[in-house]
């Protein structure tokens, strides 16, 4: 698992959550299952699958900033380095599973849209 920065979390989260929101809205509305629009509906959800997959493999810590200070001694050759990292740990490990579920739901919807594209006759 890899820790991600706050900006990465915001961007990937925006893409993944808007994709699942688009799917929820399309489930509430009566979307036609026509062959002509099935590939378009599938293409718009592929970035959401990728972003949810990245969020699913992300670690339990969100890093906001990382500062590295180097101090060199004038009289000797000693060098001191300190790294200051500001991070926010997620309180619950269920977020990784939640993002996997979002990824699976979007993937299943894309798969069904591709099946509609390949099997329906107009």
Quick one: what pairs do we get from region 98-122, first residue touching a residue at least 60 places away in the same chain (Cβ under 8 Å), second part of a loop (DSSP other than H, G, I, E, B) and buried (at least 17 other Cβ atoms within 10 Å of the Cβ), C-beta under 6 Å, 6+ apart or different chains? 106/45; 110/45
Residue list for region 65-95, filter: within 15 Å of residue 13 (Cβ to Cβ) and either in contact with a strand residue (DSSP E or B) (Cβ under 7 Å, 6 or more places away or on another chain) or in contact (Cβ under 8 Å) with a residue 60 or more places away in the chain (or both): 88, 90
From (1) assigned to a strand (DSSP E or B); (2) modelled with pLDDT of 80 or more, pick out the condition that doesn't hold for residue 52. (1)
Could you list all residues from region 105-120 that are farther than 16 Å from residue 51 by Cβ and part of a helix (DSSP H, G or I)? 108, 111, 112, 113, 114, 115, 116, 117, 118, 119
Would region 17-34 turn up any residue that is touching a helix residue (DSSP H, G or I) at 6+ places or on another chain (Cβ under 7 Å), surrounded by 11 or more Cβ atoms within 10 Å (Cβ to Cβ) and not in a helix (DSSP H, G or I)? yes
Tell me which residues, restricted to region 93-104, are over 14 Å from residue 50 (Cβ atoms) and either at pLDDT 90 or above or touching a helix residue (DSSP H, G or I) at 6+ places or on another chain (Cβ under 9 Å) (or both). 95, 96, 97, 98, 101
Close pairs from region 6-33: first more than 15 Å from residue 110 (Cβ to Cβ), partner at pLDDT 80 or above and not in a loop (DSSP other than H, G, I, E, B), Cβ under 6 Å, at least 6 apart: 12/51; 12/54; 12/55
From 69, 75, residue being in a strand (DSSP E or B) and farther than 30 Å from residue 114 by Cβ: 69
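The values are calculated or read from the model by the stated rules, or taken from the named source; none is laboratory data. These numbers come from a predicted model, not from an experiment. FYI the Cβ positions are ideal-geometry reconstructions off the backbone, even for glycines, and counts take in every protein chain you see.
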